[in-house]
């Protein structure tokens, strides 16, 4: 049983690290996603949070995703959209996504996106629309507010908890 649990955790870790982002724009945009385990260190009565490579994860661990993007073209990239689907083994932590230079959108199905806190899904039991719960968020999307200059880079960060 322990071996099976470890294989499941190893599989989740692989999915977490391999989560692929997609960028849409007229110019070539490179997207790289890095995953880190948030480690809490307590020393001399102080609590410090650091990021470490996720060698192993267990349910409850917080994973910090850093989504880096760059315009590899020779012209400004207009209407850049970066989408990051979440692995099934994690739950997005609401409010954790950085997005000062972009509009943040979330999705429960990878097709319909809405601003965080304004995504609604149909309740399976009642058939009525209700706000999406964090565990129902399956993708994050950022729409840049301004063109991305040639050679320019940026990044977004968000957190998710391992199920």
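The values are calculated or read from the model by the stated rules, or taken from the named source; none is laboratory data. What you see is a predicted model; the values in this text were computed from it and never measured. Backbone-built Cβ (ideal geometry, glycine too); neighbour counts: all protein chains shown.
Only residues in the range 37-57 that are farther than 19 Å from residue 160 by Cα count as the first member; pair them with residues that are surrounded by fewer than 10 Cβ atoms within 10 Å (Cβ to Cβ) and modelled with pLDDT under 90, Cβ under 7 angstrom, at least 6 apart or cross-chain, and list the lot.
47/40
Using beta carbons and a limit of 8 Å, which pairs, at least six apart or on different chains, have the first residue in the range 100-125 and farther than 22 Å from residue 80 by Cα and the second one modelled with pLDDT of 95 or more and not in a strand (DSSP E or B)?
Partner pairs satisfying both residue conditions: 117/94; 120/132; 121/108; 121/132; 121/136; 122/128.
Checking residue 41 against (1) crowded, with 17+ Cβ neighbours inside 10 Å; (2) part of a strand (DSSP E or B): exactly one of these is not met. Which one?
(1)
Test residue 89 against the criterion of being over 16 Å from residue 34 (Cβ atoms) and crowded, with 19+ Cβ neighbours inside 10 Å, and give yes or no.
Working: over 16 Å from residue 34 (Cβ atoms): yes; crowded, with 19+ Cβ neighbours inside 10 Å: yes.
Criteria met by residue 89.
Would you tally the residues in the range 79-100 being out of contact with any strand residue (DSSP E or B) (no Cβ under 8 Å at 6 or more places or on another chain) and at pLDDT 95 or above?
Looking only at that region, the number is 2.
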